[in-house]
Amino acid sequence: MSSITTQEISILRPDDWHLHLRDGAMLHTVLPDTAVRFGRAIVMPNLKPPVSSAAMAQAYRERILAALPKGSVFTPLMTLYLTEATPIEAIRAAKESGIVHAVKYYPAGATTNSENGVRDLKKVYPVLAAMEHWDLPLLLHGEVTDPVVDVFDREAVFIERHLIALRRDFPALRMVLEHVTTSAAVDFVQSAGARTAATITAHHLLLNRNAMFQGGIRPHHYCLPILKRERHREALVQAAISGNPQFFLGTDSAPHPQNAKESACGCAGIYTAHAAIELYAEVFAKANALDRLEAFASRHGPAFYGLPCNTDSITLRHESWCVPEKIGMGAEMIVPLRAGEEISWRLVGVG
Ligand code: DOR
Ligand code: ZN
């Protein structure tokens, strides 16, 4: 059980159920931030080329393990990228590999490296049936890409046009609606039963859409799904602190080099791995719900994925610190969330 005072909180070591680690130099830059805080992470497969087979996932896993700082205890949980060409046999191979824990659906064109994603969900129905059979969860980037649908409505329209049918057509399939951003998504998950879950990011809990325009255009607050109105942020906070096991932590920490964000056509993604659990602690403390943080961060995710909880713990202290302006080196500098500003919780102990 967690131990809590107003100044310090110890919780079972959390896991990050939605993370972008990238590859190469960027992987080496970002991995230590996650590995020091989290026991495990569900690693997104949107590399170039996408991680689309168990063999590719195995090779990527080995690159991640090789990039870990000495002494880290961190387990990457791999995912496959669903394409319209994914063979049914890939699902069985993924399940039997023991290292692939889910399959990720990107609508083609929805976000970073999603060109190989799905255009027509009906085309992957046989693969979804195999996932249901082999009990391999489906992780959904739940947005439509229809250009006539307003960018702020893409999640709600995905639920209406696709998710209701998916839930009906594959009743036993475990599904995670990733990085939920709207009250419509919260309502859907709550009504959809225990095989449906959702991850919630720190940035969607902390920021509403005004953050993209505060005093000027703020590319480092641009992510997908895009930040929403204050009332949606409030609905997410209520879901996160509710104790409902269908909601758990997934940062969607998504590093891009500074020049790719500060550009005429900037990439979507917010980097939060440098302070992920601390940012969630701020949200829970502000909502007077620090006693629910352990459930959301360390218990609900493993229960949904059928894995044991971590057995070690971390300690956070209510103490301000200043986030560096930049993280990394050379051409691959990242501007993290809260760059040059304070965070009110500090990681002080691990183990
Ligand atoms: O903001 C985002 N960044 N949303 C995504 O869906 C993808 C991610 C990335 O990979 O950069
Ligand atoms: Zn993501």
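Quick notes
- Here the chain is scanned for trypsin sites (Lys or Arg not before Pro) in DSSP loops (not H, G, I, E, B) that have at most 14 other Cβ atoms within 10 Å, and the longest stretch holding none of them is 120-325.
- Residue separation of R229 and D146 scaled by 0.36 nm, minus their Cα-Cα distance, works out to 27.8 nm of gained length.
- Once backbone amide H atoms are built at 1.01 Å from N, A102 has L80 as its partners under 5 Å, excluding neighbours fewer than 5 places away on the same chain.
- Cα-Cα separations in the chain greater than 25 Å, expressed as whole percent: 49
- Net charge of neighbours whose Cβ lies under 12 Å from the Cβ of F284, counting Lys and Arg as +1 and Asp and Glu as -1: -2
- Average accessible surface for the range 71-194: 40 Å² per residue, computed with a 1.4 Å probe over protein heavy atoms with every protein chain in place.
- Summarising the overall dimensions of the range 184-271 from its C-alpha atoms, the Rg and Dmax are 14.4, 43 angstrom.
- Carbon/sulfur fraction of accessible area - the chain, other protein chains in place, 1.4 Å, %: 53
- For the chain, the tally of Lys pairs with Cα-Cα distances below 28 Å comes to 20, considering only residues 8 or more apart or on different chains.
- Reciprocal mean inverse distance between Cα atoms of the range 294-351 - Kirkwood radius, Å: 14.0
- A55 paired with R168, simple spin-label distance in nm, labels 7 Å along Cα-to-beta-carbon: 4.0
- Inter-probe distance in nm under a simple model that places probes 7 Å from Cα toward Cβ, at A194 and N288: 3.1
- DSSP-defined antiparallel bridges as percent of all bridges, the chain, nearest 5: 40
- Neighbourhood net charge (11 Å Cβ-Cβ; Lys/Arg +1, Asp/Glu -1) for T196: +3
- In range of the label at R92: residues from the range 116-136 whose backbone nitrogen is under 17 Å from the point 7 Å along Cα→Cβ: 126-136
- Here the range 199-351 yields Rg over Rh of 0.97, to two decimals, using C-alpha coordinates and the Kirkwood radius.
- The range 1-140: relative contact order in percent, alpha carbon pairs under 8 Å with at least 6 residues between: 20
- Sites counted here are GluC sites (Glu not before Pro) in a DSSP loop (not H, G, I, E or B) having no more than 16 other Cβ atoms within 10 Å; the longest part of the chain that contains none of them is 116-261.
- In terms of accessible area, using a 1.4 Å probe and ignoring ligands and nucleic acids, H28, H101, H133 rank largest first as H133, H28, H101.
- Environment charge at P171 (Cβ cut-off 12 Å; Lys +1, Arg +1, Asp -1, Glu -1): +2
- Taking the chain and dividing mean pair separation by its residue count, relative contact order in percent (alpha carbons under 8 Å, at least six apart): 19
- Stretchable slack from M212 to K326, in nm (0.36 nm times residue separation minus alpha-carbon distance): 39.1 nm
- Taking every protein chain into account, the 1.4 Å probe leaves M333 with about 50 Å² of accessible area, to the nearest ten.
- Residue separation of S72 and Q238 scaled by 0.36 nm, minus their Cα-Cα distance, works out to 56.4 nm of gained length.
The values are calculated or read from the model by the stated rules, or taken from the named source; none is laboratory data. Because the structure is a prediction, the values reported are computed rather than measured. Note that we place each Cβ from the backbone using ideal geometry, even for glycine, and neighbour counts take in every protein chain shown. Note: accessible area is taken over every heavy atom of the protein model, side chains too, but ligands, DNA and RNA are not part of it. Shrake-Rupley method; radii C 1.70, N 1.55, O 1.52, S 1.80 Å.
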